[in-house]
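The values are calculated or read from the model by the stated rules, or taken from the named source; none is laboratory data. Please read all numbers here as calculations on a predicted model, not as lab measurements. A quick note on method: Cβ atoms are made from the backbone with ideal geometry, for glycine too, and the neighbour counts reach across all protein chains shown. When the accessible area is computed, the model is the full protein with side chains, heavy atoms only, and any ligands, DNA or RNA have been set aside. Shrake-Rupley method; radii C 1.70, N 1.55, O 1.52, S 1.80 Å.
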Amino acid sequence: MKIGVFDSGVGGHSVANAIRRSLPEHEIIYVQDRKNVPYGMKSPELLLELVKPILQKLVDDGCQVIVIACNTVTTTIIEDLRQNLPVPLVGIEPMVKPAAKLTQTGVVAVCATPTTLASKRYQELKEKYTSDITVIEPDCSRWADMIEKDAIDQALIRDVTEESIQRGADVIVMGCTHYHWIEKIVERIALGRAIVLQPEEPVIAQLKRVIAQLD
Ligand code: DGL
């Protein structure tokens with residue numbers, strides 16, 4: 001089966017690699033929007049305009065399911081996209097629920113783009129799962145761009161991670177697929193003090209369920 005994987009840029013690449021490792025019998029077609037990356041500060045209206053034709057092309061090329069490997073797109077426009085496309089879409093969103101379950105300190109940090117943090121879906125997740133938990137949202141607005149340009153600012157990552165831990169966070173959520181590329185760096189800094197969550201495993205599990213229904 002042809003599976004489409006989409007992100008604004010290199011973030012989804014990490015997700016596509018993980019899917020390839022898990023589902024080697026399927027053909028993974030990965031597309032990114034190099035012209036318009038980063039998406040993290042764009043409005044939902046503009047995102048819809050940009051993403052719809054890219055996903056339609058994946059459908060035209062024979063993809064039977066598409067993974068939106070982008071928190072920013074999932075949390076803002078996945079329902080609009082679902083209404084416009086004839087194939088199932090598997091989304092990725094910040095792991096707020098598992099983070100709330102795992103925290104011992106009652107403080108979690110969610111690293112995500114400004115558009116994700118402002119989205120209705122993310123606000124709903126917070127209301128539903130974190131009513132008795134403090135959620136820190138550090139300023140990661142430069143992260144996607146620096147990862148895209150392969151200009152990793154280790155000091156910036158250290159500052160954000162340390163500050164989150166100082167404020168009590170014992171769970172750090174990678175709420176943007178670009179950050180998967182720096183997961184190991186954050187993990188090293190947080191070692192023994194906070195755990196780092198990113199959703200590749202649950203997304204692959206969901207993808208497998210969708211494929212089973214299509215077969
Ligand atoms: N990788 C995307 C996400 O998961 C978008 C990052 C960006 O383009 O700003 O949110």
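Consider the stretch 16-29. How many of its residues are open to solvent by less than 60 Å² (accessible area, probe 1.4 Å) and either part of a loop (DSSP other than H, G, I, E, B) or away from the ligand (no atom under 13 Å from the Cβ) (or both)? Going through the stretch 16-29 one residue at a time, the tally reaches 8.
In this entry, Ala144 passes the filter for residues that are near the ligand (Cβ under 10 Å from one of its atoms) and among the aliphatic types (A, V, I, L, M). Which residues, counting only those in the stretch 101-128, are open to solvent by 20 Å² or more (accessible area, probe 1.4 Å), within 22 Å of Ala205 (Cα to Cα) and free of Cβ contacts under 8 Å to residues at least 60 places away in the same chain? Passing the criteria: Lys101, Arg121. Residues of the stretch 95-110 that are in contact with a helix residue (DSSP H, G or I) (Cβ under 6 Å, 6 or more places away or on another chain), under 24 Å from Ser8 (Cα atoms) and not small (Gly, Ala, Ser): Val96 alone.
For residues that are open to solvent by less than 60 Å² (accessible area, probe 1.4 Å) and charged (D, E, K, R), scanning just the stretch 143-164, find the one that is farthest from the chain's Cα centre (by Cα). Top of the filtered list is Glu162. Looking across the stretch 188-204 at every residue that is open to solvent by 30 Å² or more (accessible area, probe 1.4 Å) and more than 19 Å from Lys101 (Cα to Cα), the one that is nearest to the ligand (Cβ to nearest atom) is identified as Arg188.
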